[in-house]
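The values are calculated or read from the model by the stated rules, or taken from the named source; none is laboratory data. Quick caveat: nothing in here was measured; it's all calculated off a predicted structure. Quick reminder, even Gly has a Cβ in these numbers, built from the backbone with ideal geometry, and neighbours come from all protein chains shown.
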Amino acid sequence: MPRAPLLRVPYTDPLPAPKIIPTSASTASGAIAALVDFLSPSLLPSKTSTSQTTARSKLSTSPLYSSGDGGGGGGKTLLLTGAGISVASGLADYRGTNGTYTLNKTYRPIYFNEFCESHEARKRYWARSFLGWTNLEKARPNKAHEACGDLGQIGVVGSLITQNVDSFHPTAHPHLPTTELHGYLRSLVCLTCRSEYPRNTFQSQLSRLNPTWAAFLAEMLACGALDTENPDERRKKGLKTNPDGDVDIPDAPYTTFRYPACPVCLEKPPKRADGGGGTVRVQTDRDGAWDPKSEGGVLKPAVIMFGESIPAATKIAAEKAVDAADRILVVGSSLATYSAWRLVKMAKERHMPIGVLNMGGVRGEDAFFGDVEAANTGREAVRCSENAEKVLPQVVRILQEMKGRG
């Protein structure tokens with residue numbers, strides 16, 4: 001019997017406490033000094049090696065290549081951010097003190113194959129997402145996101161890769177080239193025709209199709225259950241919180257939930273992909289909800305679900321961002337997802353200086369910092385466990401002063 005394909009499950013094991021590098025970075029002021037030391041070479045003209053320059057020249061001929069400044073690394077830093085940078089915006093993370101995997105041991109995200117194959121799984125997903133979307137929609141970028149943009153404005157950072165799906169980075173700094181590695185929640189994408197659809201419009205349709213759920217949502221908003229992402233506070237009001245706008249209600253009647261079909265497929269049914277002729281059947285009930293007799297027209301959040309492959313263009317863009325940089329700084333990520341961890345591994349293989357600003361441990365960080373010399377003051381490597389929203393703006397201010405003096 002053929003085996004089912006293996007899925008890469010979320011890395012949920014406890015991570016060891018970080019080894020602070022340099023040791024002076026164990027305080028906030030020391031971490032700021034070390035981060036300034038790490039980032040300051042990006043204020044200077046590039047001293048990129050000949051081999052790196054040649055590689056970048058080859059990359060710049062690709063139509064997918066975009067450096068934001070016409071090509072070349074320019075000695076700039078690449079930022080790689082994760083859920084930790086959005087905690088100050090009121091969103092939950094995964095593995096922090098109040099993270100989903102820390103406090104909700106039974107949490108299991110939906111997998112791509114489940115969403116695609118099961119109408120019941122989609123009803124459960126959209127019911128939970130319907131309730132959680134309100135809090136995500138009203139959240140805004142914080143000072144750490146703004147600091148990332150400021151680092152781009154002064155020429156220290158050339159591009160940014162984010163694992164986050166909250167769209168805070170492109171909102172806070174549209175001028176800074178940003179690769180959203182795991183997609184975004186602001187839109188949906190049709191699994192059949194690949195058209196995108198605004199989430200706000202979709203949310204309004206969910207409300208119309210599910211008046212009882214809409215009334216419950218209004219009740220939760222009135223009692224303040226959705227005013228916080230703190231799992232303990234929400235649990236007291238009968239809710240469990242998960243990242244990415246997902247609210248869990250114990251014993252909820254998820255089977256009653258309805259969701260709309262792709263409007264593009266309804267208006268113009270696409271041709272069958274199997275070459276058998278004819279079009280894909282997409283139909284709705286009398287209220288406009290997707291009918292399980294349909295052969296397509298299912299809308300999915302434009303995020304990369306567990307078990308789903310990152311689009312080739314996105315993967316290539318992320319790899320080229322690594323190749324185009326001279327150093328990489330990880331902010332607010334434990335690198336527990338392989339798609340992010342492998343990018344830092346690539347940077348290490350290219351002998352790039354690596355920095356990590358993250359509260360708590362990072363997956364396999366010994367491999368990144370095991371060969372750091374004792375004399376390092378932050379220039380070649382930095383590892384600190386501080387609040388990004390507090391330290392990054394101060395790092396920006398110091399670098400701005402340094403640039404002004406230069």
- Flag for G73 being buried (at least 23 other Cβ atoms within 10 Å of the Cβ), within 25 Å of L335 (Cα to Cα), touching a strand residue (DSSP E or B) at 6+ places or on another chain (Cβ under 9 Å) and modelled with pLDDT under 65: yes
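Look through G307, G297 and report the one residue that is in contact (Cβ under 8 Å) with a residue 24 or more places away in the chain, at positive phi and either hydroxyl-bearing (S, T, Y) or surrounded by fewer than 21 Cβ atoms within 10 Å (Cβ to Cβ) (or both).
Result: G307 is the single residue among G307, G297 that is in contact (Cβ under 8 Å) with a residue 24 or more places away in the chain, at positive phi and either hydroxyl-bearing (S, T, Y) or surrounded by fewer than 21 Cβ atoms within 10 Å (Cβ to Cβ) (or both).
When you scan the stretch 327-339, do you find a residue that is over 26 Å from S89 (Cα atoms) and outside the structural domain of C193 (by TED's automatic domain parsing), even just one?
Going residue by residue through the stretch 327-339, those that are over 26 Å from S89 (Cα atoms) are 327.
From what's left, outside the structural domain of C193 (by TED's automatic domain parsing): 327.
Checked against the condition, which is being over 26 Å from S89 (Cα atoms) and outside the structural domain of C193 (by TED's automatic domain parsing), the stretch 327-339 yields at least one hit.
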- Conditions (1) charged (D, E, K, R); (2) at pLDDT 95 or above; (3) outside any loop (DSSP other than H, G, I, E, B): number failed by E386: (3)
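If you go through the stretch 184-198, how many residues are out of contact with any Gly (no Cβ under 9 Å at 6 or more places or on another chain) and outside any strand (DSSP E or B)? Talk me through it step by step, then tell me what you get.
Residues of the stretch 184-198 out of contact with any Gly (no Cβ under 9 Å at 6 or more places or on another chain): 184, 186-188, 194-198.
Okay, now just the ones that are also outside any strand (DSSP E or B), so 194-195.
Selection size over the stretch 184-198: 2.
Anything in the stretch 352-383 that is part of a loop (DSSP other than H, G, I, E, B) and acidic (D, E)? List them, or say none. Let's see the steps before the verdict.
Taking the stretch 352-383 first, the residues part of a loop (DSSP other than H, G, I, E, B) are 352-353, 358-365, 370-380.
Residues satisfying the conditions are E365, D371, E373, E380.
Go through the residues of the stretch 364-372 one by one and say whether even a single one is surrounded by 22 or more Cβ atoms within 10 Å (Cβ to Cβ) and not assigned by TED's automatic domain parsing to the domain that holds N113. Spell out how you get there, then give the answer.
Going residue by residue through the stretch 364-372, those that are surrounded by 22 or more Cβ atoms within 10 Å (Cβ to Cβ) are 365, 368.
Subsequent filtering for residues that are not assigned by TED's automatic domain parsing to the domain that holds N113 retains 365, 368.
For the stretch 364-372, residues surrounded by 22 or more Cβ atoms within 10 Å (Cβ to Cβ) and not assigned by TED's automatic domain parsing to the domain that holds N113: present.
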- Query: Given E386, E380, which one is touching an Asp or Glu at 6+ places or on another chain (Cβ under 8 Å) and closer than 18 Å to I20 by Cα?
  - Reply: E380
- Consider G183 carefully, then state whether it is surrounded by fewer than 18 Cβ atoms within 10 Å (Cβ to Cβ) and touching a residue at least 60 places away in the same chain (Cβ under 8 Å). no
- Message: Based on this model, can you work out whether W290 counts as buried (at least 20 other Cβ atoms within 10 Å of the Cβ) and without any contact (Cβ under 8 Å) to a residue 24 or more places away in the chain?
- Response: no
- Message: Here's a check for you: in the stretch 116-134, which residue that is within 16 Å of F216 (Cα to Cα) and buried (at least 22 other Cβ atoms within 10 Å of the Cβ) is farthest from the chain's Cα centre (by Cα)?
- Response: A127
- Item | Meets criteria (touching a helix residue (DSSP H, G or I) at 6+ places or on another chain (Cβ under 8 Å) and of a type in the set (S, T, Y)) for T314 | no
